[in-house]
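The values are calculated or read from the model by the stated rules, or taken from the named source; none is laboratory data. From a predicted model like this one, the values you see are computed outputs, not experimental measurements. Using ideal geometry, Cβ is built from the backbone for each residue, glycine included, and neighbour counts are taken over all protein chains shown.
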Amino acid sequence: MRINIHAGHNPDGKIACGAVGLIRESTEARIVKDKVIALLKAQGHTVYDCTVDNGTSQNDVLRKIVSHCNAHPVDLDVSIHFNAGANKTANNRTTGTEVYVYSASSRAKEAARRVADAISALGFQNRGVKYRSSLYVLKHTKAPALLIEICFVDDPDDIRIYDADQAAQAIAQGLTAIK
Ligand SMILES: [Zn+2]
């Protein structure tokens, strides 16, 4: 397969960086993104890293990501994020994982379901595949696109079980349907 992957947002410490909780979204998404790229390349897939580190605003980050994405003909565009807003203390129940696609007719829907299932198999509640036509990356990329919210940066139960290597393996398996 040919796959575009990027970590959402600018790097931590810059304008338009990601959510910060018990872990930092921008930093962890880059760690996972690098691991997914390595796993997919080891399987012989062609992978382009469309991550943007020099956006001047949130909109600028998004525009630049999409312009990188649309520069390559690929089978999938993959955006890696972490969620925030769990707003709870530890209770031994994760808030969990979810994966967004543009609509119910997205050609990325099956891959999105596989990724959500694979991450959930690590112990996270499966919030499933959701449709979100308003998300800029999903709306403007040419190839089928999915946006992965691995888990919640501000839920202690999510962060207790979160492991970048396991998350990357789950994502790579889900994207390629290879165990
Ligand atoms: Zn994000």
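Some values worked out for this structure:
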| item | result |
| --- | --- |
| Qualifying residue in the stretch 140-162 (condition: modelled with pLDDT under 95 and more than 16 Å from the chain's Cα centre (by Cα)) | no |
| Residues within the stretch 24-55 that are of a type in the set (V, I, T) and more than 22 Å from Q173 (Cβ to Cβ), tallied | 2 |
| Members of the stretch 28-38 found to be surrounded by fewer than 19 Cβ atoms within 10 Å (Cβ to Cβ) and not acidic (D, E), listed by number | I31, K35, A38 |
| Conditions (1) free of Cβ contacts under 8 Å to residues at least 40 places away in the same chain; (2) buried (at least 16 other Cβ atoms within 10 Å of the Cβ): number failed by D155 | (1) |
| Condition check for V115: within 16 Å of the ligand (Cβ to nearest atom), of a type in the set (V, I, T) and under 16 Å from V32 (Cβ atoms) | yes |
| Cβ pairs under 7 Å, 6+ apart, first in the stretch 66-77 and closer than 11 Å to I5 by Cβ and modelled with pLDDT of 95 or more, second of a type in the set (S, T, Y) and not in a strand (DSSP E or B) | C69/T141; D77/T141 |
| Those residues of the stretch 1-45 which are within 13 Å of the ligand (Cβ to nearest atom), under 25 Å from P144 (Cα atoms), among the basic types (K, R) and touching a residue at least 40 places away in the same chain (Cβ under 8 Å), in sequence order | K33 |
| Total residues in the stretch 73-99, condition surrounded by fewer than 16 Cβ atoms within 10 Å (Cβ to Cβ) and more than 16 Å from the ligand (Cβ to nearest atom) | 8 |
